[in-house]
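The next block holds one structure in the form of structure tokens; read it before the comments.
Nothing in this text is a laboratory measurement; each read-out follows from the coordinates by a stated rule. These figures come from a predicted structure and were not determined experimentally. All Cβ positions, glycine included, derive from the backbone under ideal geometry; neighbour counts span all protein chains shown.
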Amino acid sequence: MPPQPGQQSHPAPARGVRALTGEEFSAAQAVGGVRGLVEAVLPGLVFVVAFVIFTDLTVPLIASVVSALVLVVARLVQGTPVTQALGGLLGIAIGVVWAWRSGEAENYYAGGLLLNAGYLVVLLATILVRRPAVGYVVEALRAGLTPEAVKAEANRAPDDEAPSVFAALTAWRDDPAKMRTYAIATWLWVGLFAVRLAVKVPLFYLGYIGWLGTFHLVLGVPLWALVLYLTWYVVRRPRVGAAA
């Protein structure tokens with residue numbers, strides 16, 4: 001319903017990491033609504049349910065791929081962006097190939113575990129070298145650093161004295177308060193990947209596929225949305241001593 005005269009209109013909460021710079025936060029919108037949640041959860045859910053039922057690798061792998069393909073085709077038919085669905089399909093395809101070639105069901109999750117470990121190492125490194133990654137993400141979003149802006153920056157005239165769009169990517173590092181804020185926010189994401197690995201790696205090596213699949217879902221979108229909200233809260237919180 002459009003706003004009535006005299007009412008203030010607020011933009012709809014953004015999706016994904018763009019929610020970090022919004023005035024309001026909606027977990028449902030951040031994960032892409034019901035559709036985004038289904039696209040993120042369905043292939044993995046189909047895999048673990050089919051494996052528990054059939055205790056054979058072939059049916060779960062095929063069912064998982066089919067469910068991911070259906071989600072992509074549904075978007076193509078409706079003419080909606082397929083980026084998220086294609087990303088999910090790619091992740092599923094890697095897990096399927098790995099599990100199929102090895103003959104071990106747990107390898108369906110191996111790629112995700114390696115990716116989580118990589119993220120953890122990179123994020124931890126950015127904190128240790130005092131370049132917390134969340135700072136770059138948030139400041140880039142706030143500065144409107146889009147592909148179009150980057151292209152325009154590359155084509156700008158040598159004598160153009162206008163401030164560079166890249167200036168905001170490093171200016172925040174001179175602000176001790178922002179450095180602390182972004183370090184805390186980056187630690188939240190280190191914690192997310194650490195929790196995932198701490199829970200799922202033992203299950204992976206023990207071959208407990210049912211539990212591994214369950215925690216893959218529980219520690220997937222729900223935990224991601226929670227950490228995204230906490231990050232949003234930290235980076236938007238007014239600093240002590242700010243203007244009254």
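Computed values, structure above
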read-out	value
Per-peptide average of other Cβ atoms within 10 Å, ordering 127-134, 79-86, 46-53 highest first	46-53, 127-134, 79-86
Under Karplus coefficients 6.51, -1.76 and 1.60, residue-wise ³J(HN,Hα) of segment 215-224 in Hz, glycine/proline x	6, 4, 6, 5, 8, x, 4, x, 5, 4
Candidates per GluC sites (Glu not before Pro) in segment 8-88, loop by DSSP, up to 12 other Cβ within 10 Å	Glu23
